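Laboratory data are not the source of any read-out in this text; all were calculated from the coordinates shown. Computed from a prediction, not measured in an experiment: that's the story for all the values here. With ideal geometry, Cβ positions are generated from the backbone for all residues, glycine too; neighbour counts draw on all protein chains shown.
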Amino acid sequence: MKLLDISEVSKQTGVAASAIRHYEEKGLISSLGRRGLKRLFAPEVLDQLALITLGKAGGFSLEEIKSMFGPDGRPALSRDKLHQRVSELDRQIERLASLRDMIRHVADCPAPSHMECEKFQQLIRISGKMRENTPSSRSKSSFKN
């Protein structure tokens with residue numbers, strides 16, 4: 001088995017060497033040793049990094065991604081967790097599509113002023129409610145009590 005040094009892994013995957021080192025520190029991947037100062041990896045790390053990249057694109061945290069690997073480093077995906085994430089993505093897509101449609105309407109609205117556009121007023125109200133429901137604003141408001 002030909003081992004790959006970190007620069008080869010980075011070049012083949014497009015993942016920065018600093019990110020590879022970070023993933024190793026977090027326990028998502030493992031190096032097998034060193035050649036001088038460079039970490040050496042088994043070829044399987046290429047698939048592991050592809051799964052990490054895919055997981056990040058899907059909105060999974062590194063801790064969630066870590067749980068997608070079995071003790072042997074091979075993918076061990078939870079179908080339930082994947083279905084949950086699909087549902088979350090579907091809800092996010094619906095919200096974004098509604099927001100896109102509303103913004104498009106406001107951009108094309110024939111009203112003389114945006115403040116005279118009912119959809120723009122609705123967008124402002126929705127935005128205020130979204131801000132109130134973010135975790136950071138909830139924690140800030142709880143300190144006011």
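Each pair of Cα atoms in region 25-116 enters the Kirkwood radius, and Stokes-Einstein at 20 °C and 1.002 mPa s then converts it into a translational diffusion coefficient of 129 µm²/s. Sorting the segments 41-51, 79-89 by their mean number of nearby beta carbons within 10 angstrom, highest to lowest, gives 41-51, 79-89. Beyond a 22 Å Cα-Cα separation, which of these cross-linked pairs lie in this structure: LYS66/LYS129; LYS26/LYS81; LYS56/LYS81; LYS26/LYS56? Checking Cα-Cα distances, LYS66/LYS129 exceed 22 Å. Candidates LEU49, LEU32, MET1 compared by Cα position along the dipole of the chain: farthest toward the positive end lies LEU32, with charges placed on Cβ. Near the amide H of LEU40, within less than 5 Å, lie the amide hydrogens of LEU32, GLY33, ARG34, ARG35, all on another chain or at least 5 residues away, with H placed in the peptide plane.
A Förster distance of 25 Å, applied to the separation of the beta-carbon atoms of SER30 and LEU82, puts the FRET efficiency at 0.55. Rounded to the nearest 20, the Cβ-based charge dipole of the chain about its Cα centre (Lys and Arg +1, Asp and Glu -1) stands at 420 debye.
Across every pair of non-identical alpha carbons in region 4-66, the mean reciprocal distance, once inverted, gives a Kirkwood radius of 11.6 Å. The calculated 222 nm mean residue ellipticity attributable to helices in the chain amounts to -19500 deg cm²/dmol, summing -39500 (n - 2.57) over DSSP H runs of n ≥ 4 and dividing by all residues.
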